[in-house]
1. Could you run the Karplus curve 6.51 cos²θ - 1.76 cosθ + 1.60 with θ = phi - 60° over the stretch 193-208 and give me ³J(HN,Hα) per residue in whole Hz, x for Gly and Pro?
2. If each residue's Cβ is checked for other Cβ atoms within 10 Å, how do Leu103, Leu245 rank with the fewest at the top?
3. Could you tell me the distance between the Cα centroids of the stretch 216-242 and the stretch 145-206, to the nearest Å?
4. What pairs from Lys40/Lys196; Lys40/Lys213; Lys196/Lys242 go past 26 Å between their alpha carbons?
5. List the extent of the Cα atoms of the stretch 171-249 along each of their three principal axes, largest first, rounded to whole Å.
Amino acid sequence: MTLSALARGLGVSASHLQRVFTRVTGVTPRGYAEHLRSAKLRSSLKSGETVSRALYDAGYGSPSRIYEKRSAGLGMTPATLAKGGAGERISYGVAESPLGSVLVAATPRGLCFVTLGDSERAVESALAREFPAALRVRDDRALSTYVKDVLSRIAGREPHEELAFDVRATAFQRQVWDALRMVPAGTTISYSALAKRVGRPSAVRAVASAVAKNPVAIVVPCHRVVPIDGSTGQYRWGTKRKEELLRAEAP
């Protein structure tokens with residue numbers, strides 16, 4: 001169904017519907033519809049439905065639509081997802097940083113995971129929990145560009161080049177993460193201010209949940225989000241690491 005058809009059914013103009021819907025939900029009508037379709041597709045695949053049946057039941061006109069355009073938040077093809085990620089090749093590199101061991105992982109399509117830990121074993125275990133059925137291959141040389149990028153960010157330096165991403169996310173999560181990437185180094189933003197920035201001032205908890213689920217932390221700088229009282233706040237890898245990240249970025 002087109003935006004114009006929806007607008008006619010509601011007795012309003014297409015531009016008005018687009019504007020109000022985006023302000024209320026935080027995503028466009030098209031983005032919201034895509035999120036619902038991808039959620040139904042994921043549910044059907046995980047319940048054991050065949051790929052072709054799941055695709056058509058979710059409203060995709062042809063298999064090529066989802067295989068060619070993986071923006072539905074799947075992060076991998078439907079067939080791979082249906083098998084629990086089996087067959088997906090994920091390369092990763094590990095390096096030492098002022099914050100401990102850092103692991104950076106990517107598929108052939110882009111960066112998919114960043115984590116910190118007290119040891120190589122700890123960060124490799126985190127990757128295994130995130131992608132239990134994937135083929136995980138350590139290749140420090142192949143991941144050197146990604147690793148150098150993350151290490152530069154940890155040191156407080158913002159690389160000029162944009163990295164390619166391959167992350168699974170809802171339309172709302174992507175919107176929050178995109179807004180996070182616009183927060184300059186050396187500055188912070190409160191959860192409530194971030195909620196207002198994405199057009200959802202009353203959805204502070206939903207925004208906080210999206211921030212917490214960010215799989216490529218540091219590159220998408222969730223450490224720059226702080227409580228409204230000005231304190232450092234919690235962090236997945238400990239308050240001390242968050243404080244060190246913010247200190248390194250300070251002007």
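What follows is calculated from the coordinates using simple rules that are stated; it is not laboratory data. Small disclaimer: the values here were computed from a predicted structure and weren't measured. All Cβ positions, even for glycine, are placed from backbone atoms using ideal geometry, and neighbour counts span all protein chains on display.
1. Taking θ as phi minus 60°, the curve returns 5, 5, 4, 5, 5, 9, x, 10, x, 8, 9, 4, 5, 5, 5, 4 Hz for the stretch 193-208.
2. Final ranking by Cβ density, sparse to dense: Leu103, Leu245.
3. 11
4. Lys40/Lys196
5. Ordered largest first, the stretch 171-249 gives principal extents of 30, 26, 20 Å.
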